[in-house]
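The values are calculated or read from the model by the stated rules, or taken from the named source; none is laboratory data. A quick note: this is a predicted structure, and the numbers were derived from the prediction, not measured. Here the Cβ is made from the backbone with ideal geometry for all residues, glycine too, and neighbour counts use every protein chain on show. Just the protein is used for accessible areas: all its heavy atoms, side chains included, with ligands, DNA and RNA removed. Shrake-Rupley method; radii C 1.70, N 1.55, O 1.52, S 1.80 Å.
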Amino acid sequence: MQDLKILIVDDVPDDAELVAVQLKQQGIKFSWKYVNNAQKLKNALTDDVWDIVITDYSMPGFDGIEALRMVNKYDDDLPVIMVSGTIGEDVAVEAMKKGVHDYLMKNNLLRLGPAVSREIKDAETRRQHKIASEALVQSEEKYRLLVENAPVGVSISTLDGKFQNVNKVYCNIIGYSKNELLNMSFMDLEVNSFKEKTVKIVDEILDGKIEKTRIEKQYIRKDGEIIDVVIHATVKRDEKGNAEYLIGILEDVTEQKKNEKDLIIAKEKAEESDRLKSAFLSTISHELRTPLNAILGFSELIDENLPKDEIVDFVKLINKSGYILFEIIEDILDVTDIESGKSRVTKEEFNIDSVLQELYPEIESIQEKEKKQHLEIKYHSPADSDEITFFTNKSKFNKILILLLKNAIKFTHEGYIEYGFKPEQDEIVFYVKDTGIGISEDERDIVFEKFRQIDDSHTRKYGGVGLGLTLVKKLIELLDGRIWFDSELGKGSVFYFSLPYSKQEEELAVEKKTGEKKEKKLLSDKTILIVEDEISNYLLLDKLLKLENADTIWAKNGEESIEKFKENRNIDLILMDLKMPVMDGYEATRQIKQLSENLPIIALTAYTESESIKKAKSKGFDDYLEKPIKRADLFERIGELIK
């Protein structure tokens with residue numbers, strides 16, 4: 001293939017150079033010339049032959065539409081692509097209507113190369129069509145070989161539509177042999193909905209009302225497949241102007257139509273994604289700023305002159321706002337952990353009925369927060385519920401139920417909330433039922449999408465970032481379960497989820513039955529060294545660990561942690577912050593591992609990047625925890641290392 005000859009019309013030389021550079025980078029082989037006004041364009045068109053014209057839209061005293069008019073006057077088959085930095089959508093549409101083959105923005109030229117290649121190919125096809133049509137009309141003798149070798153389907157038909165001749169490409173498109181088609185009419189190929197329109201157009205051609213036409217329609221192939229086609233039709237007349245036969249040029253545009261639909265869908269998805277992104281940023285900003293405003297505002301009001309009772313009230317409000325803020329961040333981190341494959345599933349055996357009944361205090365707390373204490377809470381369990389044990393991740397199971405109950409309470413104004421479970425063969429089905437606002441059929445598909453609620457008005461009315469049900473679905477799938485729901489708008493919803501009914505290993509079941517294993521706290525008789533320079537972080541960890549009866553020792557930096565370990569060789573595990581003054585966690589871990597290779601050390605990091613995590617593992621840490629540290633994750637990691 002010879003190099004293309006490209007004419008670039010632009011009043012800014014640097015912009016013309018940019019177009020040329022982009023085309024070279026995209027693998028287009030070409031020579032080019034640059035013109036910047038109407039006279040130079042006219043001279044270039046008359047002095048040379050060009051494969052394609054690329055024009056700017058806005059130029060002093062001269063624009064892209066005028067350039068298009070001049071090009072079409074010279075050669076109406078010469079493709080024109082408009083490239084602009086200022087063109088609006090309405091101008092672009094108008095330009096396309098007037099004959100511009102494609103348009104691109106100067107700040108996004110990534111598809112310029114493909115656009116040029118496509119338009120060159122399309123121009124060649126149009127030229128072939130034109131040659132074929134003109135040759136067929138002028139002389140039957142001349143068209144025969146051309147028709148057979150044309151890159152498109154060509155047919156000759158009687159005035160009533162019966163095929164007299166078809167070429168090989170036509171047969172390939174339709175799937176019938178030539179002999180089969182010669183016993184058929186083109187009306188036999190048409191989808192019923194197009195037949196009436198075809199009859200009308202053929203009559204207009206025969207009556208001389210139109211000379212030729214282009215028709216988009218659908219044909220039925222021999223194998224039953226419905227394909228999209230374009231027909232270019234005209235009539236051959238004798239010297240007296242009498243119609244002799246119909247000429248048709250056939251193109252299969254099924255793939256093109258599919259691509260157009262895909263582009264429309266992709267465009268709609270992109271627009272929806274942009275809308276959701278904007279809505280999410282607006283929502284997350286509001287949801288984060290609201291508790292932060294309370295935390296910072298009440299913190300500033302507290303001083304030594306404030307009455308004690310007001311200080312207590314303010315601290316309660318600060319605590320409440322902090323908890324709200326933590327919940328938002330925790331939900332976002334939970335979803336991120338699951339999607340990145342970092343969420344772990346550690347299973348344990350427990351009694352379902354006990355766990356579900358223990359939810360009452362949490363439910364009451366949610367009701368109080370949502371000001372829904374008037375809602376009736378019902379719990380339903382099977383008759384033998386006190387004997388049904390379950391083997392799964394307890395904390396994630398609890399999280400699923402709490403999120404579903406919280407969702408039910410939030411969207412229910414009157415009536416009741418009911419939850420419960422029922423064993424079914426090899427799975428257990430759980431449910432949460434409410435008499436709330438319900439979900440319409442049109443909104444069912446978005447229920448589990450991230451950052452979505454029923455619509456924008458609900459987002460404003462009900463608050464939240466729209467992650468609750470997304471997290472529920474991901475947690476259930478993480479536990480090898482499934483979720484579904486029934487709902488009626490204005491009457492309420494029932495969310496169901498099922499989890500595999502698996503029990504713990506036999507020996508543990510026997511151990512529980514015989515009572516040989518005595519219940520005791522996870523960290524009873526264990527000593528944990530907390531290495532953390534921030535006192536607030538230390539106090540939180542200390543409190544959490546002591547809930548499980550652990551003894552704790554505090555070191556404020558890496559150097560101090562080494563001294564503490566040397567003084568207390570009975571330490572069972574170390575929680576090590578990475579970034580500290582004097583000596584960081586990496587170096588401290590290296591030295592401690594030299595003293596006790598098998599001592600488990602967990603890295604505490606505020607960095608979530610995979611490179612930071614890989615570095616921690618490569619430096620001798622046995623595991624890691626990302627801040628903010630979640631209670632369930634903390635005890636999961638510790639439990640795995642001190643079994």
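Please work out if Leu467 is at pLDDT below 90 and either crowded, with 18+ Cβ neighbours inside 10 Å or in contact with a His (Cβ under 6 Å, 6 or more places away or on another chain) (or both). Working first, answer last.
Values: at pLDDT below 90: yes; either crowded, with 18+ Cβ neighbours inside 10 Å or in contact with a His (Cβ under 6 Å, 6 or more places away or on another chain) (or both): yes.
Judged against the criteria, Leu467 is a match.
Looking only at the range 161-185, how many residues end up being in a helix (DSSP H, G or I) and either touching an Asp or Glu at 6+ places or on another chain (Cβ under 8 Å) or open to solvent by less than 30 Å² (accessible area, probe 1.4 Å) (or both)? Talk me through it step by step, then tell me what you get.
Kept after step one, since they are in a helix (DSSP H, G or I), are these residues of the range 161-185: 168-174, 178-181.
With either touching an Asp or Glu at 6+ places or on another chain (Cβ under 8 Å) or open to solvent by less than 30 Å² (accessible area, probe 1.4 Å) (or both) added as a condition, the list becomes 168, 170-171, 173-174, 181.
Result for the range 161-185: 6.
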The condition from (1) modelled with pLDDT under 90; (2) charged (D, E, K, R); (3) under 30 Å from Lys130 (Cβ atoms) that Asp48 misses is numbered (1)
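Scan Asp533, Asp542 and give me the residue that is open to solvent by less than 60 Å² (accessible area, probe 1.4 Å), part of a helix (DSSP H, G or I), farther than 19 Å from Gly620 by Cα and of a type in the set (D, E, K, R). Quick ask: steps written out before the conclusion?
Working: Asp533 fails: part of a helix (DSSP H, G or I).
Criteria check complete, one pass: Asp542.
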Options Leu333, Leu325, Leu317: the member that is part of a helix (DSSP H, G or I), under 28 Å from Gly468 (Cβ atoms) and either open to solvent by 70 Å² or more (accessible area, probe 1.4 Å) or of a type in the set (Phe, Trp, Tyr) (or both): Leu317
Selection from the range 405-451 of residues that are under 16 Å from Ile363 (Cα atoms), within 28 Å of the chain's Cα centre (by Cα), open to solvent by 20 Å² or more (accessible area, probe 1.4 Å) and of a type outside the set (Phe, Trp, Tyr): Lys406, Asn407, Lys410
Condition first: without any contact (Cβ under 8 Å) to a residue 40 or more places away in the chain and closer than 24 Å to Leu544 by Cα. Can you find one or more residues in the range 590-598 that meet it? no
Could you count how many residues in the range 104-126 are at pLDDT 85 or above and over 27 Å from the mean Cα position of the chain (by Cα)? 11
State all residues of the range 363-404 that are in a helix (DSSP H, G or I), open to solvent by less than 40 Å² (accessible area, probe 1.4 Å) and out of contact with any strand residue (DSSP E or B) (no Cβ under 6 Å at 6 or more places or on another chain); if no residue qualifies, say none. Ile366, Gln367, Ser385, Lys396, Phe397, Ile400, Leu401, Ile402, Leu403
Restricting the first residue to the range 566-584 and requiring it to be on the phi > 0 side of the Ramachandran plot and without any contact (Cβ under 8 Å) to a residue 60 or more places away in the chain, which pairs with a second residue that is in a helix (DSSP H, G or I) and not basic (Lys, Arg) meet a Cβ separation below 7 Å and a spacing of at least six or different chains? Val582/Gly558; Val582/Glu559
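Could you check the range 1-118 for strands (runs of 3 or more DSSP E) lying wholly inside it with 1 or more residues that are of a type in the set (Gly, Ala, Ser) and surrounded by 12 or more Cβ atoms within 10 Å (Cβ to Cβ)? Even if it seems obvious, please write down each step before you answer.
Working: elements: 4-9, 30-35, 52-55, 80-84, 102-105.
Qualifying strands (runs of 3 or more DSSP E): 80-84.
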Going through the range 412-454 one residue at a time, which ones are touching a residue at least 60 places away in the same chain (Cβ under 8 Å), assigned to a loop (DSSP other than H, G, I, E, B) and touching a strand residue (DSSP E or B) at 6+ places or on another chain (Cβ under 9 Å)? Thr412, Gly415, Asp426
